[in-house]
Structure formats: C-alpha cells, structure tokens
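Just so it is clear, none of the values below were taken in a lab; they were calculated from the coordinates. Everything numeric in this text was worked out from a predicted model, so none of it was measured. Heads up, the Cβs are rebuilt from the backbone with ideal geometry, glycines too, and the neighbour counts pull from every protein chain shown.
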Amino acid sequence: MADLTQSPRPIAAVWDRIDKVLLTGIVIVAVLAVFDRLAVVPSLAEMLDSFIGTLPFILFAVAAIGMMKATGSERLLDGVFQGREMRMIVFGALAGGLSPFCSCQVIPFIAALLVAGAPVSAVMAFWLSSPLMDPAMFSITAGGLGFDFALMKTVSAVALGVLGGVVVKMLGAASIMADPLRERPNSGGCCGAKKLTLNWTFWHEAPRRRIFGEVALENLVFLGKWLLFAYLLQALLIRYVPADLIAQVIGGSGIGPVVLGALVGAPAYLNGYAAVPLMAGLLEQGMAPGAAMSFVIAGGVSSIPAAVAVWALVKPRIFAVYLALGLGGAVIAGLAWGMIA
C-alpha cells in the first residue's frame, strides 16, 4: 500500500513556488474566455498598450532602485534619527517618503531604532510615510495618474508622517505608548542584507555592478508582473463596470466619497504599483479625485506588507494607533486633493 503521508509536503512546495500574481492573471483570462470569448483579445491588447505606455517610467524606476542599492545610499539615513525629537520626526517623515525601502527592508532598521531607544514618534513618522512613496512609486504614479497626483501623494506621505509623529509625541506621556516593542522583535527580514558603504561611482566595482543588475532585474520582474496584472483588471473594469455606477458610489464632491475611498482602500489594496492603473480606470469611470487619493494613502498604510512590518515589531495598541493615523491622514489628504484637483 502506498504511503501517502509525505504527499502534502511536495504539493505544498510546488504551490509555494507558483507565482500567485501570474496564476491569478491566467485564471482571469481563462474565465473570460469561457464567458466572453470575444473580449479576450481586445482586453489583452488594451493591457499591453497601457503597459507599453508606462514602460519608460518602469525602466527609469528600476534603474533608480538599482543605483540606490549599488551606491549604498541607504547610509544617508544613518544620521536622521539623532538630535531633538521634533527634528527627528520631520527628517524621519522625509526619509520615509523619499527613500527606496520596501516594507520588509524597514523591519530590521526600525527594530534597531526601537531597541536603541529612538523616540516612538520619530519611528512612527518614518513608518507612516515609508510605504506610501519612493522614487519608483513616484515615477509609476506620475506616468499613470499624472505628475500633479504623484506630487500630491508625496507631499501627503511626508505630511502624514509628520502628523503621526507629532500625535505620538503628544501621547508620549500616556501609558498607551509605553514599552512599544514586542518581547522578541524579529530583526530579520527578507531584505536584511548588510548595507554597503556609500560610493556614488558604483560602476567601477564589479560587486556593485552585479548588485545593480540583480536589483534592477528583480524589480523589473516585480513591477512588470504587477502592472500587467493591474492593467488587465483596468481593462476589465472599464469594459464591465458601468461608469454611472462608479460615479454614484464614489463620485461627486464632499467628504462622503473621500471617507468611503479610505475605508475601501484599507482592506482592498493589492499593491502600490498595481493601484495606479486601477485608480486611472476608476477615475475614468467617474471616481472623485479626493476618493482616489484617500484610497491610495489608506491602502498604502494598511497593505499587507506595510501592516505586517508594524505588527511584527510592536504591541497591538501601537499597531492600532498606526492604523488610526493612516486612515485619518488618508481622509485629510483626500479632502485636500479634492479641493485642489
């Protein structure tokens, strides 16, 4: 009789190796072929056309990320969390909003800061702004939603970081902010490699050239698969979701669509890069500009990678403060953009 006790393990191993984004895209196309075969080719053509239009921004983004890694520019953050608390809050928000770190990369950095006794207010400022914007995100957002939207999101990311840091500073004397770390914070992470020394002329060193190539290729694959998936969803959204329905639910002016955008963005967010073409499609269908801004801000703060990075290190009460600040800041940013756009 065959021994079946070992069968789940190889199945799980195969499942872990499957790219879930690619698999989901294939399933969507297969379902579309079954229920509306004539829409497959036009939808894929629209997806590729949108992707090609964004390709220059993607290439710029991956080159920028590769250069930042190869030059060791992460070292520029070493002196940010020193000095007066208010200064640390402002510089922490700026560093988070402008640095190229992904959510997993900030885990060891934040853990070291908290263990070393850095103020929770400055750490919160960095944490709130970090998942919202970076050079690659700015490039993709500018290409998909316009330079003004990308600039406003950047300003909102930094402002949210400063606001969150100031609020936490004001709560500093309260018991809710005491002893923020979990008992054994995980200071590892998927990107916890040792930082390089700073050297802007990285092309003179073979190891740095290799890092540039590896990081650029890795991010090209990452951005490419997510944006292709998102452009496929955008094509289907425009084809099948009535514009008047979008306009009725999250269109118009006032605080209602903005709050709804933040509430929907928090649980529905997939990925910062994938959100760009989805928002472009929704705006084309009649979504209020302020609701789009609140969606991307709330979604960025509460996305799974960003939220897990916070949850892994701090106690639940600090995590609750993080989410509350993210949602509140998203609504403020949405209202501000709604008045400007």
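The figures follow:
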item: Rough spin-label spacing in nm, given labels placed 7 Å along Cα→Cβ, for Leu44 and Leu171; result: 5.0
item: Nitroxide proxy distance, nm - points 7 Å out along Cα→Cβ at Leu151 and Tyr240; result: 3.8
item: For Val314, residues with placed amide H under 5 Å, excluding near neighbours; result: Arg182
item: Summed side-chain charge close to Ala125 - residues other than Ala125 whose Cβ falls under 13 Å, Lys, Arg +1, Asp, Glu -1; result: +1
item: Spin-label model distance (nm) - Leu263 vs Ala30, 7 Å beyond Cα toward Cβ; result: 3.6
